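Each reported figure results from applying straightforward, stated rules to the coordinates on display, with no laboratory input. If you're wondering where the values come from, they're calculated on a predicted model, not measured in any experiment. Virtual Cβ from ideal backbone geometry, glycine too; neighbours counted across all protein chains shown.
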Amino acid sequence: MKKRMALLLAALMLLTSLCALAEEEKGAPIYATVGEAIDDSFEGRVISGGIPGEYYAVLNLKDGKYYRSVAYYDETLTQLEAAVDGLDYEADDFFEKHEAAMQAVDDYIKTLPIAYSEVFTAEPLTDEEMAAFLGKTIAELNEAGFETGSHGTEPGDGDEPIIVYTMRYGVYDYNCLVDADFDTYMEATENDTDGELVVSGIALAGITEWAFDLRYHTDGTVEAPVDPFAEFSPFMEDVGAFVEKVQAGEEVNIDDFATEMKEKYPDYEGLVDMYVTLYKTLGAEGFLTMMQQPAE
């Protein structure tokens, strides 16, 4: 018994130490509230956002370093956002109520206490590293890990505008000037061949506007976004396999299909019933038409 208690105490001490270390890495809040962080936004811009129901974050530039301050949702904010979603959009005063409800959400967000602040330790590309991408195409930059955020024209030295692609690499954005005139750029975008445009200049634009998202880690690594349809894909693959059998003229039993699918995907029983109803009501040919796979 004493040995078990000693092991338990050691485990608890280790867990406490790890938790303390995690909090230490996150850092103490550099602002008291979200509103205070927003008021200290850099360059007249507010870069903030988050995941509804989970957290809200604000980015700030202090002493040449970028910081992210994070606040967590509470029950009141959740209720305020639910009130916005619950408005009757057919009501005559919907827009007035919607504006007031959204203002209430924005006002309350500013009162949320900052839970922690963290500094971005990732360094942007050096001049030498940026220079290595000169002469490469937009497609080659994409292959190297750059993500195209936006692109368009900006005033140049003369009458002709310059074409700039803003591209994200890690947690930083870079303005990439391409060697193309306006007509060439427009033709390339219309024909979806702008990946062939050549980069003739590149400069740091600053931290990415997406860095409020906690997927963007302060060390520069970025987590892949969660696919909201990942769990739904196997279900649709099985439905597609059934449709292919019907399309090929194979003998199928819709009730057996329904039973198998409901056992395999209990969360999608309603959808299974919908497919069964379509099949029984419209027949095989009508079912295929509804599924946009006409019989040959």
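Segment 233-290: D in µm²/s via Stokes-Einstein (Kirkwood Rh, Cα pairs, 37 °C, 0.692 mPa s)?
Details: Rh = 11.4 Å.
Translational D for this selection: 287 µm²/s.
Starting from segment 85-115, pick out the GluC sites (Glu not before Pro) whose DSSP state is loop and whose Cβ has at most 15 other Cβ atoms within 10 Å. If you can, show how the numbers build up before the last one.
Working: sites: E90, E96, E99; in loops: E90.
Filter output for segment 85-115: E90.
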(request) Jot down the radius of gyration and Dmax of the chain, Cα atoms only, both in angstrom. (result) 27.1, 85
(request) On a C-alpha basis, how far is the centre of segment 190-261 from the centre of segment 55-116 in Å? Whole number, if you could? (result) 29
(message) What distance in nm separates the two pseudo spin-label positions at D159 and D63, each 7 Å out from Cα along the beta-carbon direction?
(response) 5.2
(request) Over the chain, calculate the relative contact order: mean separation of alpha carbon pairs under 8 Å at least 6 apart, over the residue count, as a percent. (result) 14
(request) For segment 146-154, take each phi angle, set θ = phi - 60°, evaluate the Karplus expression 6.51 cos²θ - 1.76 cosθ + 1.60, and give the result in whole Hz per residue in order, putting x for glycine and proline. (result) 6, 10, 6, x, 8, 7, x, 9, 9
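Distance check, please: which entries in K245/K280; K65/K110; K62/K136 exceed 27 angstrom between their Cα atoms? Provide the component values of the computation, followed by the final result.
Numbers: K245/K280 16 Å; K65/K110 23 Å; K62/K136 34 Å.
Pairs exceeding the cut-off: K62/K136.
Report, in deg cm²/dmol and to the nearest 500, the calculated mean residue ellipticity at 222 nm for the chain, where each DSSP H run with n ≥ 4 adds -39500 (n - 2.57) and the sum is divided by the residue count. Write down the numbers at each step before the final one.
Numbers: 10 runs with 126 residues, N = 296.
Result for the chain, helices only: -13500 deg cm²/dmol.
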(message) Apply the Karplus curve 6.51 cos²θ - 1.76 cosθ + 1.60, θ = phi - 60°, to the phi angles in segment 28-36 and return the couplings in whole Hz, x for Gly and Pro.
(response) 6, x, 9, 9, 7, 9, 4, x, 5
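State which helices in the chain qualify, where a helix is a whole DSSP H run, it must extend 30 Å or more along its own axis by its Cα atoms, and its mean Kyte-Doolittle hydropathy must be at least -1.0. Walk me through the numbers before you get to the answer.
Details: long enough: 2-26 (36 Å, 0.70).
Qualifying helices, which must be both long enough and hydrophobic enough, are 2-26.
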(message) What are the ³J(HN,Hα) couplings of segment 198-215, residue after residue, when phi is run through the Karplus curve with 6.51, -1.76, 1.60 and θ = phi - 60°? Round to Hz, x for glycine and proline.
(response) 9, 7, 10, x, 8, 8, 5, 9, x, 5, 5, 5, 8, 6, 5, 6, 5, 5
(request) With label points built 7 Å along Cα→Cβ from the Cα atoms of T148 and K245, find their separation and express it in nm. (result) 4.3
(request) Tell me which residues come under 5 Å, amide H to amide H, from A180 once H is placed; ignore anything under 5 positions away on its chain. (result) I163
